[in-house]
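Structure record follows, encoded as structure tokens.
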Amino acid sequence: MIADACLYTGGVVTAALAIETALPAGVHPVVIMLAAAAVGGIIGSIPALLKVYFHTNELVTSLMFNYVFYYLGIYTITKFFADREAGAFASRRYQATASLGKLLEGTNFHVGYLIAIAVVIALYILLFKTKFGYEIRISGSNPEFAKYSGINTSKVIILTQVIAGAVAGLGGSVEQMAMYQRFNWQDSPSYAWDGVIIAILSGNNPKMVPFAAFFLAYIRVGADLMSRRSDVQNELVSIIQAVLILFVTAERFMAGWKQRQEAKKALGGEA
């Protein structure tokens, strides 16, 4: 849930470095993305550290810190980087070297899509091809079993949050450099709940995330177009999302229920 804070702060870091630093065109975006990812990782670790050492609820602390870093970002842009001549909330313009190029001129199809694909591949390899990825999956599915197996679940929780925060911070940086020439996010993007929906639809499998995200974007854009050209309101997409989530969670609930029933039968047979 703290992904919103990581993404927004990653955008603020991007604005600061894109305005104040002067680097070659090929180096400037890389430095900015690394800085934004590092800051996002630090922010993402905060709820995990509070959970591990103070046993706080990570959902509550994440939602609280989202507001903290959102208003901190607003203050930072307004105080240090605002364009006083602009008629609305906006930073000064980014330097030309702090930009991600377009893959197709005249469209919004930019280099960020290639970065997103690379991140998806890296996360899939991490999650399913490494020891640490196995520890993440076991800790997420059965924390008690993971502890008894000798897995340091506290370490797994913290590092997982750091990675997630870094990816969110990177996402904010990519969107800023690819889509904007100045920082003008007056409202928080609020992508965290979209991430929950996509995670459910993709079955927590990184390689399915792009397809789930594209599907969610498709029905939302379709609903918007439908509301403009007909009497059907675009709120219909919220109903579709709710039904999809209900079906997916119901399937998993029934699978878990069936597994528990089979376990009871097996234990009864042994008795």
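What the table below lists for this structure:
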read-out: Residue among ILE125, ILE138, ILE163 that alone is in contact with a Gly (Cβ under 9 Å, 6 or more places away or on another chain) and open to solvent by less than 70 Å² (accessible area, probe 1.4 Å); value: ILE163
read-out: Any hit, region 124-133, residues being under 30 Å from ARG182 (Cα atoms), under 21 Å from the mean Cα position of the chain (by Cα) and assigned to a helix (DSSP H, G or I); value: no
read-out: Helices (runs of 4 or more DSSP H) completely within region 134-225 that count 1 or more residues being within 19 Å of the chain's Cα centre (by Cα); value: 153-179, 192-202
read-out: Of all residues making up region 48-76, the number that are of a type in the set (A, V, I, L, M, F, W, C) and within 14 Å of VAL12 (Cβ to Cβ); value: 4
read-out: Filtered residues of region 44-60 (kept if touching a residue at least 24 places away in the same chain (Cβ under 8 Å) and open to solvent by 10 Å² or more (accessible area, probe 1.4 Å)); value: SER45, ILE46, LEU49, LYS51, VAL52, GLU58, LEU59
read-out: Cβ pairs under 7 Å, 6+ apart, first in region 223-234 and surrounded by 15 or more Cβ atoms within 10 Å (Cβ to Cβ), second among the hydroxyl-bearing types (Ser, Thr, Tyr); value: ASN234/SER227
read-out: Lone unmet requirement of (1) modelled with pLDDT of 95 or more; (2) of a type in the set (A, V, I, L, M, F, W, C); (3) more than 30 Å from ILE157 (Cβ to Cβ) for PHE89; value: (1)
read-out: Count of region 103-127 residues which are hydrophobic (A, V, I, L, M, F, W, C), under 23 Å from ILE32 (Cα atoms) and in contact with a helix residue (DSSP H, G or I) (Cβ under 9 Å, 6 or more places away or on another chain); value: 10
read-out: Residues of region 183-215 satisfying the condition of being touching a residue at least 40 places away in the same chain (Cβ under 8 Å), under 30 Å from ALA90 (Cβ atoms) and open to solvent by less than 50 Å² (accessible area, probe 1.4 Å); value: PHE183, TRP185, SER188, PRO189, ALA192, GLY195
read-out: Considering residues of region 13-43 that are closer than 21 Å to ALA82 by Cα and open to solvent by 60 Å² or more (accessible area, probe 1.4 Å) only, the residue farthest from the chain's Cα centre (by Cα); value: ALA22
read-out: Condition broken by GLY87, with the remaining ones in (1) farther than 30 Å from PRO143 by Cβ; (2) assigned to a helix (DSSP H, G or I); (3) over 20 Å from the mean Cα position of the chain (by Cα) satisfied; value: (2)
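The values are calculated or read from the model by the stated rules, or taken from the named source; none is laboratory data. As the structure is a computational prediction, the values presented were derived from the model and not from experiment. For neighbour counting, all protein chains shown are included, and Cβ atoms are generated from backbone atoms with ideal geometry for every residue, glycine included. In case anyone asks, the SASA skips ligands and DNA or RNA and just uses the protein heavy atoms, side chains included. Shrake-Rupley method; radii C 1.70, N 1.55, O 1.52, S 1.80 Å.
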